[in-house]
Every structure is written in C-alpha cells, then in structure tokens.
1. Quick check: anything in region 401-408 open to solvent by 30 Å² or more (accessible area, probe 1.4 Å) and more than 28 Å from N291 (Cα to Cα)?
2. Could you check how many residues of region 292-329 are farther than 26 Å from T456 by Cβ, among the polar types (S, T, N, Q), at pLDDT below 85 and open to solvent by less than 10 Å² (accessible area, probe 1.4 Å)?
3. Counting only residues that are closer than 24 Å to G228 by Cα and in contact with a strand residue (DSSP E or B) (Cβ under 6 Å, 6 or more places away or on another chain), which one in region 358-378 is modelled with the lowest pLDDT?
4. Only one of E218, E208 is in contact (Cβ under 8 Å) with a residue 12 or more places away in the chain, over 28 Å from K313 (Cβ atoms), of a type in the set (D, E) and part of a strand (DSSP E or B); which?
5. In region 91-142, which residues are among the basic types (K, R) and closer than 30 Å to G345 by Cα?
6. Take region 72-84 and flag every residue that is buried (at least 17 other Cβ atoms within 10 Å of the Cβ), at pLDDT below 75 and in contact with a Phe, Trp or Tyr (Cβ under 6 Å, 6 or more places away or on another chain).
7. Which helices (runs of 4 or more DSSP H) does region 531-642 wholly contain that include 3 or more residues that are among the β-branched types (V, I, T) and modelled with pLDDT of 80 or more?
8. Any idea which of Y478, Y501 is more than 24 Å from G301 (Cα to Cα), crowded, with 17+ Cβ neighbours inside 10 Å and modelled with pLDDT under 85?
Amino acid sequence: METKKQFEFDKQEMIYFFEKLKNDINKTKDKILYIEFKEFFAAFPYFGEKILDDTKGCQDLLSSCASYWREDGEKITIIFNNPFAHKVNISEIRNEHLGKLLQMEVYVKYKSNVYARRADEGYYCKECPKRFQFRPQICFSCKGKRFYQKDVFEDVATLFVEEDPQSIHFESRPQTIRAYINPNLIGRYRELNLGSKLTLYAIPFLEEVKKTHEFRLELYNFEAQDDGIEKIELTEKDKEFIKKEIATENFFQDASNSLFKEVYGLQEIKDAILLQLISSPKEKTERFVRNRGNLMILIVGSPGVAKSVFLKKVSSFFPRSRYMSCSMATSIGLVASARKDELTGTYILEPGAIPLCHKGGCAVIDELDKIKNEEDYGHLNTMMDSLKIIVDKANIHTELPADVSILASMNPKYKVFEKNDNFYTQIKLPKDLTDRFDLIFCIDSKFNQEVQDRITDRILSPVEELEQKYSDDFLLKYISYCRSFQPKLGKDAKDYIAEKYKLLMRNSVENENTRSSPRIIGNILRLSGAYARSRLGENIETEDCRKAFNLIVYSLKNLGFVREINGVQVLDFSKIEDIPKQTTLDKVDVIKKILSAAPGKILNIEDLKEQCNFADFDKILFKLKQAGDIFEPRNHLVQLNN
C-alpha cells in the first residue's frame with residue numbers, strides 16, 4: 001500500500017498489532033475500538049511518534065487495516081484513550097498544527113442537531129454481507145461475482161467550543177472554533193452538554209469560508225471534566241490542618257484578608273464575598289427551588305474604590321467563574337441567544353456567560369447598570385430566584401440551568417454618591433432586580449487622611465510584599481471543605497430568626513400603606529447557613545444568625561433603611577421591600593410631570609429615561625406617542641403635546 005510506504009511502518013509490527021486485536025475488532029458492535037495510548041506507545045514507540053506527527057493519516061491507515069480483520073468487512077475506527085498530544089489553546093492554533101493531534105481545555109458554547117451526511121459509496125456482495133469500497137472482480141470471502149451499489153450516510157453534528165478563560169490572559173477575550181463530531185463519536189452526543197468543560201483531542205484542518213480559509217477541528221476524542229470547587233482533592237492531613245486553623249482567633253477575617261490582600265479596609269465586603277464563595281445549602285423540591293442557597297451581592301461605588309479588584313480576584317481565583325462587563329455585553333454575551341447554524345440552516349441555542357458558570361461558579365458582572373437590553377433584567381431576575389434561564393425565542397423553548405452566584409458592581413447614578421439623597425435612590429436598577437440581591441454595599445469615595453494614606457501605601461507596595469497569611473491554594477481547599485457540609489436549621493436558631501423578624505416587621509407595619517414581606521427571611525437564612533459552613537458546623541446556631549443580622553444591617557445602613565426608635569437601631573424594610581410598584585398610569589404621570597417642568601416642555605429622550613428609571617420606559621413612551629400625548633419634533637427629542 002502506498003500509505004504504508006509513506007509512513008515506513010515495519011510490516012511485522014503492524015501484523016502483530018492487528019493480530020493481537022483481531023478478537024476485539026470483531027466483538028465491537030459500535031464500530032469503534034478504544035485503545036489505551038500509553039500501553040500502545042510503550043509497545044510500539046516508533047509507531048506512536050508517527051501518530052503524534054500525522055494523526056489523521058495514521059488514523060486512516062489504522063482504520064483501513066483494521067477493517068480487513070472484520071469478518072463482515074465493515075469499516076472500523078480506532079481511537080486512543082488519553083493520547084499524548086500537543087497542548088495548545090484555540091487562539092494558539094497555527095498552520096504548523098494542521099494534521100496533528102492537539103489537546104485543549106474548552107467549554108461547549110453550542111451544538112447543532114444531529115443530521116445525516118453522505119459519506120461515500122459502497123459495493124456489497126449479494127451472496128454475503130462483505131462490503132468493498134471499490135467494485136471488485138470477485139468476492140474473496142465467498143467467491144461471488146454479483147455486487148450492488150449502495151450510498152453510505154453517516155450521522156454527524158457540529159460544536160462551537162470556547163477556550164478556557166482561565167488559561168489565557170485576563171484581558172484577552174476567549175476565542176471560539178467550530179468542531180466537527182466524528183461520526184463514530186455521535187453515540188456520545190448527549191455527553192456534550194451546553195456549558196460543560198471538556199478535555200478535547202482534535203485534529204485541525206482548513207475550511208474555505210467566503211474566499212478565505214479558517215481553522216476547523218475534527219473531533220478525535222474528548223473527556224468530560226468536572227472542574228467545580230467540590231472536586232478539589234482533600235487529604236486527611238488537609239482536613240486536620242483546616243480544622244486546626246479554624247479554631248484560631250480571627251481566622252475568618254484573616255482568611256478574607258488573605259483573599260483580598262490588595263484591598264485596605266472594607267472588611268464587611270471581604271467577609272461577605274468569602275461567604276458567597278462558601279455559599280449556603282440549597283433546599284429544593286421536585287418542581288422548584290425553595291431556598292437557592294447561592295448568595296447574590298451588589299457593590300455600588302464611585303470609580304476607584306476597589307470594585308474591580310474584588311471582581312477580578314474572584315473571576316481569576318474561583319473555579320467556573322467568568323468576568324463580564326455590561327458596557328460591552330449584549331443579551332448574547334450575558335444570558336443566552338438563538339443563532340442560525342451555517343450548515344443546517346436551523347436555529348440553535350448559544351448560552352451566554354452566566355449559564356457557562358453553571359454548577360457552583362460565580363458570574364462576575366461589572367457595570368450592571370449599563371445593560372443595553374432591558375429584557376436581560378427580566379432574565380436576571382428569574383435566574384436569581386429560580387437558578388435557571390428561560391429561553392423562548394426563534395422557535396426554541398427551553399430552560400438553561402444556572403446554579404450560579406452573582407457578584408455585580410456598578411457606579412451610582414451620578415458617578416459619585418450625593419450625600420443629600422438616599423443612596424438607594426441613586427442605584428439605577430429596576431427595583432425588582434435590586435430586591436433579589438441578598439447584600440448591597442455602597443462605598444463612598446470620601447475617606448479621612450489616615451485611611452487615604454494607608455490605601456496609597458497598599459497600592460504602591462509590590463504585590464509579593466503584601467501580607468497574606470493563607471495562600472490561595474489553602475483558601476480553595478478551605479472553601480471546598482466548607483461546601484461539603486449541609487448544616488440544618490436548629491430549633492433555637494429558628495426561634496431566633498422568627499423573633500428577630502417579628503421585631504423588625506413590628507416597626508415597619510406602623511404605616512398602614514405598607515405591608516411586610518418574608519423575603520428578608522430567605523436572606524437571613526442563606527447568610528446563616530454560609531456562616532455555619534464557614535466553621536464546619538453540622539447545625540445552624542444562634543450565633544450564625546446573629547452574625548447574619550449584623551451583616552445585613554451593615555449593608556442596609558447607608559442605604560437609608562435604618563432608623564432609630566427609643567435608642568435602638570431597627571431596619572425599616574417598608575422602604576426596600578414594600579414600596580408599591582408603579583402602575584402604568586403612575587409612570588405616565590411621572591413622564592408628563594417631568595416634561596411639563598422642562599424648558600419648552602421638550603427634553604432629550606436619554607435624559608428623560610435616566611430621570612424616570614423605568615425598566616419598561618420604551619414601552620410607556622410608545623403608548624404616549626400612540627395616544628398623541630407626546631411627539632418627537634426632532635431626532636432624540638421628545639415634547640409634551642399641548
């Protein structure tokens with residue numbers, strides 16, 4: 001064979017190899033034979049080296065030769081498990097890699113439906129089931145001379161995979177590439193879940209696309225990876241060391257300070273984020289999530305108050321976490337989108353950054369107030385409650401799982417906080433979405449001179465010189481160990497929460513126009529569960545609940561929801577939980593009043609939208625135009641009609 005000459009394989013070596021596998025070749029029913037590469041390479045090192053240099057050619061040769069040992073003449077594919085391969089990222093693929101076996105860590109962005117593709121023609125003997133690629137003169141199996149031609153079709157599918165964001169530079173955008181699933185791997189199609197992480201073995205090739213050539217991958221093999229925090233291996237020695245450190249004084253504060261060693265002060269925010277990574281036990285029923293367990297945190301502050309430091313650290317430190325900026329993200333990049341497949345013409349679902357963090361990751365969202373698509377606020381609202389994203393577009397009706405915590409940041413409405421206004425009113429987000437956050441922290445940019453000096457010193461000090469009592473490796477093991485505990489709510493803790501809630505609501509229901517909401521109980525319960533986990537507790541105790549209340553009070557204090565009655569500070573939840581939602585008529589009146597007070601009763605649409613802060617502003621404005629109450633004298637301007 002010309003192929004044998006090309007690769008210069010030793011004939012006796014090939015005969016021995018296939019003779020050894022003859023029984024396995026005929027036993028396999030799915031026409032795939034998996035071989036451990038390490039054992040094969042140890043027995044035939046020369047042949048193994050050739051496979052690394054020209055994987056496609058060697059695979060075709062092996063499959064062709066192995067098919068001769070099949071009694072039915074069917075083609076068989078030989079695939080190596082755990083092969084040695086060149087490790088690269090998608091963004092590093094070059095011409096020199098063409099035809100070679102590559103290994104890469106990727107996430108499944110989306111996958112097409114399975115479709116049929118014509119593979120080749122085949123000739124079959126009418127006397128026996130022997131198949132030939134070309135029409136022979138005589139069947140060497142039964143000596144028959146009658147043959148019939150039959151087209152061969154194969155099941156195929158395509159993937160779009162994205163390189164692991166943690167394997168590239170932080171400021172680089174992960175690249176994607178199309179990968180074709182080997183027809184012999186189509187039986188494992190269901191293992192390729194959207195957002196799942198894979199160790200991919202593939203062979204790159206060039207495909208002509210609109211007069212250019214782009215890299216594509218032919219899928220050779222893959223291994224599903226569970227890279228969640230729970231999969232970190234802990235030895236008994238690690239567990240004993242963690243227990244010993246937890247017993248030391250101020251351990252939790254030392255741990256949170258070690259995690260954010262570049263940030264001076266802001267201890268409550270550091271503690272809250274560490275609690276978020278530890279999370280709280282979930283409580284689910286068959287149909288819905290009763291207690292999501294995941295903590296949602298929003299940080300609001302002026303530019304330069306360390307918001308980005310918190311976000312970047314979490315996204316680079318915690319497994320399955322992704323950083324995204326809403327100033328650039330669309331609904332495609334943040335939640336999910338439907339796109340038309342170039343090959344099949346059908347619409348397929350592409351998950352955004354949030355569902356790609358599924359199974360315990362943290363979605364790190366910067367500039368949350370700059371979401372361009374108002375519909376995304378609704379998706380986020382649903383996801384933060386039920387841990388799933390509902391997709392209903394382009395004839396696709398499905399639910400994407402999103403077991404994700406959200407750490408978000410944004411600037412206040414006027415870039416800096418106005419002292420004369422309530423801080424809560426300066427958060428430019430829909431109220432329904434704001435209420436979903438367990439904790440909201442407002443950071444004022446005004447510090448006294450001593451604090452400014454310490455911040456300056458911390459910024460100017462080299463990172464390696466900053467004090468860090470616990471390493472990142474230890475903190476990951478600590479968080480993983482904490483998440484293995486499922487503390488239960490004891491009777492004392494339950495009574496404590498009920499009594500505290502009763503006291504808080506007693507001070508909020510004095511106004512007859514307000515009504516209490518039990519949503520705050522869920523926030524307390526989640527924080528209490530996280531505190532119990534942080535000390536490796538089997539039960540949620542009263543002390544855990546007390547700490548949870550203190551953290552909630554701190555987060556709400558500068559929002560204007562704390563008032564003093566008879567010398568005691570209490571939370572006025574009527575302002576955050578029970579503000580009656582504005583009806584459409586209320587919103588119409590607000591728009592009319594703003595335009596009436598404007599010079600000439602005319603205003604820029606963007607300025608009007610900013611003052612109204614309605615999630616459905618465009619919808620209300622459209623109704624006013626239809627009714628003739630307002631009109632647009634020029635582009636981007638709106639005027640009240642007299």
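The values are calculated or read from the model by the stated rules, or taken from the named source; none is laboratory data. In this text the structure is predicted, and so the values were computed from the model without any measurement. Glycine gets a Cβ as well: all are built from the backbone with ideal geometry, and neighbour counts include every protein chain shown. Just so you know, the surface numbers come from the protein's heavy atoms only, side chains and all, with ligands and any DNA or RNA stripped out. Shrake-Rupley method; radii C 1.70, N 1.55, O 1.52, S 1.80 Å.
1. No: region 401-408 contains no residue that is open to solvent by 30 Å² or more (accessible area, probe 1.4 Å) and more than 28 Å from N291 (Cα to Cα).
2. 0
3. Among residues in region 358-378 that are closer than 24 Å to G228 by Cα and in contact with a strand residue (DSSP E or B) (Cβ under 6 Å, 6 or more places away or on another chain), the one modelled with the lowest pLDDT is H358.
4. Just one listed residue meets the conditions, E218.
5. R94, K109, K111, R117, R118
6. Result: P83, single match.
7. 542-557, 584-597
8. Going through Y478, Y501 in turn, the sole match is Y501.
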